[in-house]
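**Student:** Quick one: this structure, given as structure tokens, is what I'll be asking you about.
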Amino acid sequence: MSDSNDSLTNTVINETLPAQSQIVPDAQDSLRLKPDENKVQSPLEREVTILGDPIPVDPEIGYLAPSFKAQLNTGSECHIDPADGTVRLIGFFAHWCPHCQREVPRVSKWLEENGVPTEIEILAVSTAVREGTPNYPPSEWFTKERWPTDIFVDNQDNDLAAAYGLAGFPYWVLVDATGKDCPPK
């Protein structure tokens, strides 16, 4: 894998994202309305852009994590560059997964009791969204469980989870300040 900036353009999964001004959350954050199109957009239709090479499933340690652009569960768009000098712990959760249903409240409680660390950014990714399953819509589940940090919403194809080498749920990736995934110490 090349570390050059040119490789960042090799894997662009979705090249366009809707403008933030086009997306208006409804009261339940379960549907989006694009006023200019009068079309309802479910959470399953959101788009994610991946830049860089994806981390392989069950990866070796030391791969450069891809940067990404996606919507937060609030509807705003956000860009993450793993090589920006920030250490990040990214958790990938499926609202219907029984293991995630046990882990999210435990992590939320720990963060509430101990505070969100200042030296590491903790993020969640809501992925594998399935209508008609427990805790749908996921935004309400995260709110109920008092998740205290930003929650990114993956697209219907789970491109964000795949780009980070998702092997199962829940799934955590620790990214060092240089943008490489690394083992827990």
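**Student:** Any idea which residue in the stretch 134-165 is modelled with the lowest pLDDT, counting only those that are more than 16 Å from V104 (Cβ to Cβ), part of a loop (DSSP other than H, G, I, E, B) and of a type outside the set (F, W, Y)? Walk me through it before giving the result.
**Tutor:** Keep residues of the stretch 134-165 that are more than 16 Å from V104 (Cβ to Cβ), which gives 155-160, 162-165.
Restricting the remaining residues to those that are part of a loop (DSSP other than H, G, I, E, B) gives 155-158, 164-165.
From the residues that got through so far, the ones that are of a type outside the set (F, W, Y) too are 155-158, 165.
Values: N155: 95, Q156: 94, D157: 95, N158: 96, G165: 87.
If we take residues in the stretch 134-165 being more than 16 Å from V104 (Cβ to Cβ), part of a loop (DSSP other than H, G, I, E, B) and of a type outside the set (F, W, Y), then G165 is modelled with the lowest pLDDT.
**Student:** Would you pick out the residues in the stretch 100-128 that are loosely packed, with under 13 Cβ neighbours inside 10 Å and assigned to a helix (DSSP H, G or I)?
**Tutor:** Within the stretch 100-128, R102, R106, K109, W110, E112, E113, N114 qualify.
**Student:** Give the number of residues within the stretch 61-94 that are outside any strand (DSSP E or B) and closer than 16 Å to P148 by Cα. Give the derivation first.
**Tutor:** Here is the first cut: in the stretch 61-94, the ones outside any strand (DSSP E or B) are 61-63, 65-66, 73-76, 81-87, 94.
From what is left, the residues that are closer than 16 Å to P148 by Cα are 73-74.
Total satisfying the criteria: 2.
**Student:** Among the residues of the stretch 137-144, is any loosely packed, with under 15 Cβ neighbours inside 10 Å and closer than 19 Å to T49 by Cα? Steps first, answer last, please.
**Tutor:** Kept after step one, since they are loosely packed, with under 15 Cβ neighbours inside 10 Å, are these residues of the stretch 137-144: 143-144.
Checking the rest, the ones that are also closer than 19 Å to T49 by Cα come to none.
Within the stretch 137-144, none of the residues are loosely packed, with under 15 Cβ neighbours inside 10 Å and closer than 19 Å to T49 by Cα.
**Student:** Out of all the residues in the stretch 146-180, which are over 24 Å from E77 (Cβ atoms) and crowded, with 16+ Cβ neighbours inside 10 Å?
**Tutor:** Passing the criteria: F169, P170, L174, D176, K180.
**Student:** Which residue pairs have Cβ atoms closer than 6 Å, lie 6 or more positions apart in sequence or on different chains, and pair a first residue in the stretch 128-143 that is closer than 15 Å to Q156 by Cα with a second residue that is crowded, with 20+ Cβ neighbours inside 10 Å and among the acidic types (D, E)?
**Tutor:** none
The values are calculated or read from the model by the stated rules, or taken from the named source; none is laboratory data. Predicted, not measured: the structure shown is a model, and the values here were computed from it. Don't worry about glycine lacking a Cβ; one is built from the backbone with ideal geometry, like all the others, and counts go over all protein chains shown.
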